[in-house]
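> Take a look at this one; I'll ask things after.
Derivation of every value follows stated rules applied to the coordinates shown; laboratory data play no part. Owing to the predicted nature of the structure, the values given are computational and were not obtained by experimental measurement. Ideal geometry is used to build each Cβ from the backbone, glycine not excepted, and the neighbour counts take in all protein chains shown.
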Amino acid sequence: MAATAKAPRIKALVAGNWKMNGLKASKKELAGLARRLAKGGRPACDVLVCPPATLVSLLKDEARGTRIAIGAQDCHAAASGAHTGDISAEMLKDAGAGFVIVGHSERRADHGETDAQVRAKAEAAWRAGLVAIVCIGETEAQRDAGETLKVIRSQLSGSLPKAATAKTTVIAYEPVWAIGTGRTPTSADVAKVHAAIRAALVKRYGAEGAAMRILYGGSVKPSNAAELMAVPNVNGALVGGASLKAEDFYGIISAYIKG
Ligand code: PGA
């Protein structure tokens, strides 16, 4: 079954992760991005911006009538309750989000999030009607020890719920050592890891796994986007620093504009 799934056409996704950056005035960056998207050619990718939760509603309003979707960066597994300071997937949906990032390495490191918690968050995202962007990636020490593929497979099997489908779930491969450092793996390294992710997804989910988007993240910028996005099994990007400025983010999206 699974291994015979044919490779489908996958529409890429370029997603910006603003992390803990942005104030109300940052809506001008979204407006700038929308202007560039309206003027330039139509990109062969979906475009998503994930601001801090405080800006989801504002940016959703700003994005109305544009090609930009709005998402969030984390959610609690529960729908509501006594969890001071947390935000549920239902609240994010209510504020205008269509996607939520779960299991980003900064959450795994800063908040000790485990694969099991990430899995529960992905299920919470679906419960609320959000697409879950599930992040995985090896640390530099794991990479140096030759454990990259082992770590990736184990994070995938631990963080992805059984019921994942191509419509409800996006994978983001982000080598931890490449995030915010300006360093990126070679295209050959990215190809190897993405092929391993694809194989694991197809093995577990069959045709759904063959159709799931696998984003690359970690120091993607306008100057390296075209090369990274051309790697087999790379179906878009998760972009941190370079998503904060409309010009840079549009420069990355341009990798998907013909001409
Ligand atoms: P970066 O971050 O593009 O700033 O490296 C990527 C991410 O953490 O999603």
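> Please sort by residue number the trypsin sites (Lys or Arg not before Pro) in the range 58-130 whose DSSP state is loop and whose Cβ has at most 14 other Cβ atoms within 10 Å.
Passing sites in the range 58-130 are R64.
> Between the range 187-258 and the range 16-90, how far is it from one alpha carbon centroid to the other, in angstrom?
The range 187-258 and the range 16-90 have Cα centres separated by 19 Å.
> Note the per residue figure in Å³ for the convex hull of the C-alpha positions in the range 163-224.
Normalising the Cα hull of the range 163-224 by residue number yields 93 Å³.
> Turning to a different aspect of this structure: Tell me, what is the percent relative contact order of the chain, built from C-alpha pairs under 8 Å that lie six or more residues apart?
23 percent
> Applying 1/(1 + (r/R0)^6) with R0 = 51 Å to the Cβ-Cβ distance of A82 and K245, what FRET efficiency is obtained, to the nearest 0.05?
That gives a FRET efficiency of 0.85.
> What lysines sit close enough to K192 to cross-link, taking a C-alpha to C-alpha distance under 30 Å and skipping anything fewer than 8 places away on the same chain?
K6, K11, K19, K121, K150, K162, K167, K203, K221, K258
> Classify the chain as rounded, prolate or oblate, taking a ≥ b ≥ c as the square roots of the eigenvalues of its Cα gyration tensor: rounded when a/c is under 1.5, otherwise prolate if a/b is larger than b/c and oblate if not.
rounded
> Specify whether the C-alpha gyration tensor of the range 31-163 places it in the rounded, prolate or oblate class, a ≥ b ≥ c being the square roots of the eigenvalues: rounded for a/c under 1.5, otherwise prolate if a/b is larger than b/c and oblate if not.
oblate
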